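Working notes for the structure below.
Nothing in this text is a laboratory measurement; each read-out follows from the coordinates by a stated rule. Being a predicted model, the structure only gives us computed values, none of them experimental. Cβ atoms come from the backbone with ideal geometry, glycine included; neighbour counts cover every protein chain shown.
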Amino acid sequence: MTQARDTVLGRIRDALALAPTPAAVVPRDYRTGRTLPDAERLALFTDRLLDYRARVHPCTADRTAEGVGDLLREYGVRRIGVPAGLDARWLARYDGEVRQDDAAVPPSRLDELDAVVTASAAACAETGTIFLDGSPGQGRRALSLVPDLHLCVVDLSTVEVGVPEAVARLVPERPTTLISGPSATSDIELERVEGVHGPRTLVVVIRTDA
Amino acid sequence: MSTFLGMPAPPPRSPYGTGNLRGDRAFPRAAHDGLGNGQLRRNLGRATGTIRAKRLDVTGELPDWEALREAGSAIKTDAMNRLPELLEQLEREVTERGGTVHWARDADEANEIVARLVRATGSDEVIKVKSMATQETGLNEHLESVGITPYETDLAELIVQLAHDRPSHILVPAIHRNRDEIRQIFLDRIPGVDPGLDNVPAHLAAAARRYLREKFLTAKVAVSGANFGVAETGTLAVVESEGNGRMCLTLPETLITVMGIEKVIPRYQDLEVFLQLLPRSSTGERMNPYTSLWTGVTPGDGPRDFHLVLLDNGRTAALADAIGRAALNCIRCSACLNVCPVYERTGGHAYGSTYPGPIGAVLTPQLAGMHAAKDDPNNSLPYASSLCGACFDACPVKIDIPSLLVELRHQHTERTGVTPERLAMRAAAAVMRRPALYTAAQKASGLGRVIAGRDGTISRLPPPLSGWSDSRDTAAPPRETFRSWFASEEGTAALRAAAAEHDAATRGGHGTTAPGGDHDEEDAT
């Protein structure tokens, strides 16, 4: 194994010696550090989420429970999974079964859930992307993946304008998932189909004052 | 203190006869299949047309698109320049966070490492995320040969695998199949599929979902590729749409990722560039539905065991070529395939390699060489292009593919010295130098009308001209050569008439030509 390592590294050094090229300077003239007023970020983020055929529900923080409860009822959800650390008050108006996830639950049990409710770490308005990083309220990656409906609560204060601004919020050591709309494929004649292996429905509750 | 290490040796190409970097026929011959398949050409024309339009929409809405391309190109060039230190840093970071790093000199070594790791888990099956690297090494075939069953989980890869077919596009490997064919493949090959399954894409996708779900939930080992490996943090990135990637990367106990050494990028921040360039260039979306970023092993979340296999397989040989190494900057977005008039007509199989289209035509000979055997099919790849330049314009990391193709053509002619074109030109020059021979040759070429079909083209010339006609159709010669027409009664009469007309025009023409008109030459005399 070390032999292969030394061989490959030796080959790279030989290659660079045989074909030396000048050091590259990376120009970063693309847009970074952008900001937009709340209303414009909300409008942009909403537009992009709808373009992905996600469901969007803006509300104030004190109406989170109503929003979550009404939406889950509307989709006929009877059993949800929630990660450790999720704000219990968000589920005050939901009357179905709630299963708290933990690492010992085998993935096959996650398939018994109708939906999952999580918080989020950050988002990017310009691309309609939500970032989950496994911190409290977001859970392990499998939890937001196996159930067919993902209801995700996003605070508008964590929604950045573009990709550079949102990536800057990430913590590299945390396992991170970027979600842009529900699962989709274009593999059959390039016709977009929502829902192959991941959640087929994505519902985003945006808390406009949080 | 420094040690003299001797002259650097040119690194080897991917070994001949292994993996999927070489077809069994030269491009022109293989292209005949695609050209003759109307269904394929209709599928491809529609698909690439759609995706081209989408890509232009979403790249056009970014005012800083060119700045992003500049940054992307420079980041990759910087990474290639500092490859040894970046790979060592990546290895250190992955190891510190609980992963294990392996190095593979070539495809066979990578395949053996993966098979050994799978066996060590006690499992005899793996689920797979779509990966160009393992397609390149022929991992599936190797695993099957040692009794391990690989399950492709990307919808298109699943279609290709069930049909015992080969992928024909980097991004949408089953683009050559239409919904009716896919329906039939599912009916024939998926155990227990609903016999009433129709050809609606949503229903076909649902059938794949049902088929694979149990595999996802029970598999112990997964194999993936990687779109990026961040040296600074040891973070790996997989970009996808369906969620099958997320399933494979998080549900099994063991994850094995095979990554070409050129996929390393220096900084975590660099993701901000590629996460804008890649989805917009490949599927024409602002962002792909799912991107997974993971760093080593995280207790309580995802696999307990993570292995990273770093693959050379000819990449160092490409790196040793000052011009060709630009091909290593490729981020596999497939934008160049979708704009290429040659790819659109021939399809991906004609290229014979895991990497089809314009980038495949430069990357494949770089990785695997094009003179490994007499009549190496790879030496036809640099000619599989009209050099129209559309691929260069579309490339998000600004790889100058047309120039690379020309350089490879140059290398090929330098190496072989003799090509059918050069032979033909040499013969033509010899004939043109001697008028009598030229007249005779022109008379003989009249025979061409006999071998041309009704459409007036010759698709097959006799040897030694067959080398020319192998890669192009030739128009049938005219009924009569100019020289023979010139010498005939008709020719002499036409010439006399033209001379008389000219005389009349010059005599009567002076008065009617406006001063400063286009008859300057006559005024001067």
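When B:CYS391, A:CYS152 are arranged by Cβ crowding within 10 Å, least crowded first, meaning fewest neighbours, the order is A:CYS152, B:CYS391. Here the Karplus relation 6.51 cos²θ - 1.76 cosθ + 1.60, evaluated at θ = phi - 60°, turns the backbone of region B:265-280 into coupling constants of 10, x, 10, 4, 4, 4, 4, 4, 7, 6, 6, 9, 6, 5, x, 5 Hz, with x for every Gly and Pro. Within chain B, B:CYS248, B:CYS330, B:CYS333, B:CYS340, B:CYS388, B:CYS395 have no other Cys Cβ under 4.7 Å of their Cβ and so lack a disulfide-compatible partner by this rule. Couplings 3J(HN,Hα) for region B:218-225, derived from phi with the Karplus relation 6.51 cos²θ - 1.76 cosθ + 1.60 (θ = phi - 60°), are 10, 5, 9, 9, 10, 10, 9, x Hz, where x marks Gly and Pro.
Please state the shape class of chain B: rounded when a/c is under 1.5, otherwise prolate if a/b exceeds b/c and oblate if not, all from the C-alpha gyration tensor. Note, shape of chain B comes out prolate. What the phi angles of region B:181-197 give under the Karplus curve with 6.51, -1.76 and 1.60, with θ = phi - 60°, is a coupling list of 5, 5, 4, 5, 4, 5, 4, 6, 10, 8, x, x, 6, 4, x, x, 3 Hz, glycine and proline written as x. Taking every lysine pair in chain B that is 8 or more places apart or spans two chains, those with Cα atoms closer than 13 Å amount to 4.
If R0 is taken as 30 Å, the Cβ-Cβ distance between B:ARG415 and B:HIS203 corresponds to a FRET efficiency of 0.05.
Reported to the nearest whole Å, the Cα centre-to-centre distance from region A:123-196 to region B:216-269 is 16.
Rank the residues B:LYS263, B:LYS215 as a footprinting-exposure proxy: fewest other Cβ atoms within 10 Å of their Cβ go first. Intermediate values should be presented prior to the final figure.
On the way: B:LYS263 25, B:LYS215 17.
Ranking B:LYS263, B:LYS215 by Cβ neighbours within 10 Å, fewest first, gives B:LYS215, B:LYS263.
Please identify, among A:LEU190, A:LEU149, A:LEU49, the residue showing maximal mean-square fluctuation in a Gaussian network model of chain A using a 10 angstrom Cα cutoff. Maximum fluctuation in the GNM of chain A, among the listed residues, is at A:LEU190.
Taking label points 7 Å from Cα along the Cα-to-Cβ direction, B:ASP473 and B:GLN39 give a separation of 2.3 nm.
Write down the percent of antiparallel bridges among all DSSP beta bridges whose residues are both part of chain B, to the nearest 5. Expressed as a percentage, antiparallel bridges in chain B total about 30.
The length gained on full extension between B:TYR16 and B:ARG179, counted as 0.36 nm times the residue separation minus their Cα-Cα distance, comes to 55.0 nm. Among A:THR176, A:THR35, A:THR64, which one moves the most in a GNM of chain A with springs linking Cα atoms closer than 10 Å? The residue that fluctuates most here is A:THR35.
Rg/Rh for the protein assembly as shown stands at 1.07; both radii use Cα atoms, and Rh follows the Kirkwood definition. Placing +1 on the Cβ of every Lys and Arg and -1 on the Cβ of every Asp and Glu, with nothing else charged, gives the protein assembly as shown a dipole about its Cα centre of roughly 1420 debye. Once the C-beta distance of B:HIS164 and B:GLU96 is scaled by a Förster radius of 41 Å, the resulting FRET efficiency is 0.45 to the nearest 0.05. Near the amide H of B:VAL101, within less than 5 Å, lie the amide hydrogens of B:LEU308, all on another chain or at least 5 residues away, with H placed in the peptide plane. Basic side chains Lys and Arg get +1 at the Cβ, acidic Asp and Glu get -1 at the Cβ, and with that the dipole of chain B about its Cα centre reaches some 1160 debye. Estimated purely from DSSP H runs of n ≥ 4, each contributing -39500 (n - 2.57), the mean residue ellipticity at 222 nm for chain B is -14500 deg cm²/dmol once divided by its residues.
Taking the Cα centre of chain A as reference, the dipole from Cβ charges on Lys and Arg (+1) and Asp and Glu (-1) amounts to some 460 debye.
Given an 8 Å cut-off on Cα distances and at least 6 residues of separation, report the relative contact order of region B:348-441 as a percent. Kindly include the intermediate steps, with their values, before the conclusion.
On the way: 65 pairs, mean separation 17.3, N = 94.
It comes to 18 percent, rounded to a whole number.
Distance from a point 7 Å along Cα→Cβ of A:ARG169 to each backbone N in region A:76-108: keep the residues under 14 Å and list them by number. Once the point is set 7 Å along Cα→Cβ of A:ARG169, nothing inside region A:76-108 turns out to lie under 14 Å by backbone N.
Fewest to most neighbouring Cβ within 10 Å: what's the order for B:PHE306, A:PHE45? Provide the component values of the computation, followed by the final result.
Working: B:PHE306 23, A:PHE45 28.
Ranking B:PHE306, A:PHE45 by Cβ neighbours within 10 Å, fewest first, gives B:PHE306, A:PHE45.
Taken over the C-alpha atoms, region B:109-149 has Rg and Dmax values of 9.4, 26 angstrom. Counted residue by residue at 0.36 nm each, then reduced by the alpha carbon distance between them, the extension gain from B:GLU85 to B:THR50 reaches 8.4 nm.
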